[in-house]
1. Out of all the residues in the stretch 131-141, which are touching a strand residue (DSSP E or B) at 6+ places or on another chain (Cβ under 6 Å) and surrounded by 16 or more Cβ atoms within 10 Å (Cβ to Cβ)?
2. For the list (1) modelled with pLDDT of 95 or more; (2) touching a helix residue (DSSP H, G or I) at 6+ places or on another chain (Cβ under 6 Å), I need the number of the one condition that residue 93 fails.
3. Among the residues of the stretch 195-213, which ones are buried (at least 18 other Cβ atoms within 10 Å of the Cβ) and in a loop (DSSP other than H, G, I, E, B)?
4. Do we find that residue 37 is under 24 Å from residue 228 (Cβ atoms), modelled with pLDDT under 95 and surrounded by 12 or more Cβ atoms within 10 Å (Cβ to Cβ) in this structure?
5. Restricting attention to the stretch 164-180, which residues are assigned to a strand (DSSP E or B) and touching a helix residue (DSSP H, G or I) at 6+ places or on another chain (Cβ under 6 Å)?
6. In the stretch 40-57, which residue that is over 17 Å from residue 16 (Cα atoms) and touching a strand residue (DSSP E or B) at 6+ places or on another chain (Cβ under 6 Å) is surrounded by the most Cβ atoms within 10 Å (Cβ to Cβ)?
7. Checking the structure you have, find out if any residue of the stretch 221-238 is in contact with a helix residue (DSSP H, G or I) (Cβ under 6 Å, 6 or more places away or on another chain) and either assigned to a loop (DSSP other than H, G, I, E, B) or over 14 Å from residue 134 (Cα atoms) (or both).
């Protein structure tokens, strides 16, 4: 639904986002991001779109529309549209109904020093997540990555490159958690690299630590949320120190 009256929330969001490009102390940046994360619960994750907002708007469903196609048109996965509009199944889309759409793509920035993933909608900060990264000798490569086409999977079978053991999702010690988002290296030290991903984990104590073979680990519920936002080929992941 579209809010019938403008609210200062969009202006506040945009002003705070512009502040992030200024020279801030760590404490100031943390405070700004905390306030923006709180605002995102309304302008992004809430059911309403606001007049004049370039990031979220409404779309009236036409006969024959598919949620997957609407998502692709807006460069976001259809799962985030389901979440925003409380649509239980893609097939439940109703012609004539106005739904909230997000104008993507989403992107991520990962700080190796802070063990943190910041999520952005286009260039606007949304919220942060604590992550686990590569251990010594297997450091997560810095540089720019792109979400791989066909690389988003739910609990895929995985072969450990060190032991060659094949893990299935039903195995009690399955290590990948809830989701797998494969990445292709585009520039920097990441260029040409493959085999890296954002994924969940069976070891939540590894979040905030250097314990993986280079992948970016997340708590399982948060991995699902990010999975529902990053769009293959268009969403990028920047890893920096």
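1. Step one: filter the stretch 131-141 for residues touching a strand residue (DSSP E or B) at 6+ places or on another chain (Cβ under 6 Å), giving 131-135, 140.
Scanning the stretch 131-141 gives 131, 132, 133, 134, 140.
2. The one condition residue 93 does not meet is (1).
3. Passing the criteria: 200, 201, 207.
4. Working: under 24 Å from residue 228 (Cβ atoms): yes; modelled with pLDDT under 95: no; surrounded by 12 or more Cβ atoms within 10 Å (Cβ to Cβ): yes.
It is false that residue 37 is under 24 Å from residue 228 (Cβ atoms), modelled with pLDDT under 95 and surrounded by 12 or more Cβ atoms within 10 Å (Cβ to Cβ).
5. Our first condition is that a residue be assigned to a strand (DSSP E or B); within the stretch 164-180, this holds for 166-167, 179-180.
Across the stretch 164-180, the qualifying residue is only 179.
6. So, considering only residues that are over 17 Å from residue 16 (Cα atoms) and touching a strand residue (DSSP E or B) at 6+ places or on another chain (Cβ under 6 Å), the one surrounded by the most Cβ atoms within 10 Å (Cβ to Cβ) is 49.
7. Within the stretch 221-238, one or more residues are in contact with a helix residue (DSSP H, G or I) (Cβ under 6 Å, 6 or more places away or on another chain) and either assigned to a loop (DSSP other than H, G, I, E, B) or over 14 Å from residue 134 (Cα atoms) (or both).
Okay, residues lined up against (1) free of Cβ contacts under 8 Å to residues at least 12 places away in the same chain; (2) assigned to a loop (DSSP other than H, G, I, E, B):
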residue: 101; (1), (2): no, no
residue: 104; (1), (2): no, yes
residue: 109; (1), (2): no, no
residue: 114; (1), (2): yes, yes
residue: 117; (1), (2): no, no
residue: 120; (1), (2): no, no
residue: 127; (1), (2): no, no
residue: 133; (1), (2): no, no
residue: 136; (1), (2): no, yes
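The values are calculated or read from the model by the stated rules, or taken from the named source; none is laboratory data. Predicted model, so just to flag it, every value in this text is computed and none were measured. Here the Cβ is made from the backbone with ideal geometry for all residues, glycine too, and neighbour counts use every protein chain on show.
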